[in-house]
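Report on the following structure.
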Amino acid sequence: MMKQLLGGMKWTGSATAINTSVQLLQWAVIARLLDPSEIGIMSMVAVIITFAQLFTDMGVGNAIIHKQNATQNQLSTLYWLNVMTGFTVAAIVFFSAPLIADFYNEPLLVELVHLVALIFCIIPFGQQFQYIMQKNLEFDRIAKTDITSVITGAVVAILLAYLGFGVFSLVYGQIVFHSLKSLIYGIQGWKDFRPSFYFKLREVKSFLGFGLYQMGSRSVSYLSSNVDYILIGRFLGAEALGVYQIAYQLVVVPVTKINPLITKVAFPLFAREQKNNESLSKGFTDMSKMLAVITFPILFGMMSTADVLVPVMFGDQYDASIVLVQILALLGIFRVLMNPNGSILLAKGRADIGFKWDLGVAAIHTLAFYLVVENGVEAVAWTYVILGVINFLLGRILLHHVIGLNAKQYFTGLSAPAIISATMAALVYGSYLLATQWWDSASVLLLAVLVLLGIGLYAILFISFDKHYLKELAGFLKRKKKLA
């Protein structure tokens, strides 16, 4: 399984690196062209886009990956159902615009949400083909499509922001991104699989049953992950949300962009091994350590360089985001480790457990954030960290019951990257304190020096204290190359 995992990561890794860099560049440029309140308004719109998008495929996308024997007629029925659902979601979003604007007390949201509704008429035409490619492990095609769409959408958003379109630039950028992505998937997909004009719901009941739990799980999971945005925007206003958004974007990128580098490849592999708990347990432990090795140094590094990173990337107007970056980086560590749980539950066909779990988390998050939001964004961030720790620990117990996860092996695997990353971060922060005696704290050169120092320290420490893991990875790569 590790060999196939690394093979898929070749393409998803390239796409992740490029897309993450492009999106960070987009935010860095646009943050200097827009003020925090405009960033906050776009954050409100982004919550709507992503939440509504969860419903466009009725949750059956992962069911297509999970089930190994879907027929032509079943896939055709699901395709047209996806299209119909997309138009339904678009209509609901469009007519909900006044209610959304009233909730946030932002009249501009009416026009923005009306524009956003167009996206949900576009997405379904290419969505199913993406899932089929993922099932067939065609990650090269997925990567090329994602890279092209992200770059094009970012260029459009930056250009329009420069021309003075304000928050509309980000919305138009999203429309271009989703339109191009759907078009490319549609063109590629129709060459390989042409949906017939066939539609019988009774033949896809098993898909819909799986999808119903998946859709519910994704919905409540997204709510629990974004209720902080919703409540901050509602009670503290667009400017506070803009400051929080900038911090969250820096921290959430490794979680939402780097995690799929592995989990997108892992899910179809886990699905093939769904009856072998021993293989799943080992695969999950290996995947978690790989995620930790990649993301821990980034998150710890953000904590140690936030005083330089935020003003250099976004400007002095976002200095209030510095402490939020440091707090939310702690949250990012636990989010990284919790995210792969879904791949295991879906592979085992237990979307019902995922739904119930996420429903409980969403309820707790909503109540906790509601109780603390009036104390400010820092109170919300610290509450998020505490809940993240609890959620992570309970999640390990759940996986022990589902696949017999070996807690000792799991935590032993995570200990090396955690200790090495924390040590690296402490040394980098100490260097920062010394360097500010001679350098401006918002110096690009200082940030570059600290980043290079962190990379060098992490490499030296890893080679010194976990050389065995590097040799293991090198061995897998060599064997894969010989078989290619």
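The values are calculated or read from the model by the stated rules, or taken from the named source; none is laboratory data. The structure presented is a predicted model; accordingly, all values stated were derived computationally and were not measured. Because the Cβ atoms are built from the backbone with ideal geometry, glycine has one as well, and the counts that use them run over all protein chains shown.
Kindly provide the set of residues from the stretch 315-350 that are over 22 Å from V380 (Cα atoms) and not small (G, A, S), ordered by number. Even if it seems obvious, please write down each step before you answer.
Step one: filter the stretch 315-350 for residues over 22 Å from V380 (Cα atoms), giving 315-316, 340-350.
Hits for the stretch 315-350 are D316, P340, N341, I344, L345, L346, K348, R350.
If the condition is being assigned to a helix (DSSP H, G or I) and in contact with a Leu (Cβ under 8 Å, 6 or more places away or on another chain), then the stretch 434-451 contributes A435, L447. The listed residues are K205, K191, and the only one of them that is basic (K, R), closer than 24 Å to I122 by Cβ and modelled with pLDDT under 80 turns out to be K191. Evaluating T71 against the criteria (1) polar (S, T, N, Q); (2) surrounded by 16 or more Cβ atoms within 10 Å (Cβ to Cβ); (3) farther than 19 Å from Q174 by Cβ leaves one unmet condition, (2).
Identification of helices (runs of 4 or more DSSP H) wholly contained in the stretch 1-88 with 2 or more residues that are of a type in the set (S, T, N, Q), at pLDDT below 80 and within 30 Å of M313 (Cβ to Cβ) yields 2-33. Regarding the stretch 413-433, can at least one residue be identified that is loosely packed, with under 15 Cβ neighbours inside 10 Å, modelled with pLDDT under 90 and either hydrophobic (A, V, I, L, M, F, W, C) or part of a loop (DSSP other than H, G, I, E, B) (or both)? No, there is no match, as no residue in the stretch 413-433 is loosely packed, with under 15 Cβ neighbours inside 10 Å, modelled with pLDDT under 90 and either hydrophobic (A, V, I, L, M, F, W, C) or part of a loop (DSSP other than H, G, I, E, B) (or both).
The residues listed here are L180, L137; of these, the one that is more than 30 Å from I232 (Cβ to Cβ), assigned to a loop (DSSP other than H, G, I, E, B) and either hydroxyl-bearing (S, T, Y) or under 23 Å from the mean Cα position of the chain (by Cα) (or both) is L137. The number of residues in the stretch 105-120 that are crowded, with 20+ Cβ neighbours inside 10 Å and in a helix (DSSP H, G or I) comes to 6. The residues of the stretch 122-170 that are without any contact (Cβ under 8 Å) to a residue 40 or more places away in the chain and either surrounded by 19 or more Cβ atoms within 10 Å (Cβ to Cβ) or of a type in the set (S, T, Y) (or both), listed by number, are T148, S149, T152, G153, V156, L160. Anything in the stretch 232-258 that is assigned to a helix (DSSP H, G or I), surrounded by fewer than 20 Cβ atoms within 10 Å (Cβ to Cβ) and not charged (D, E, K, R)? List them, or say none. Passing the criteria: F235, V252, T256.
Based on what the data block shows, is T366 assigned to a helix (DSSP H, G or I), modelled with pLDDT of 95 or more and hydroxyl-bearing (S, T, Y)? Judged against the criteria, T366 is not a match.
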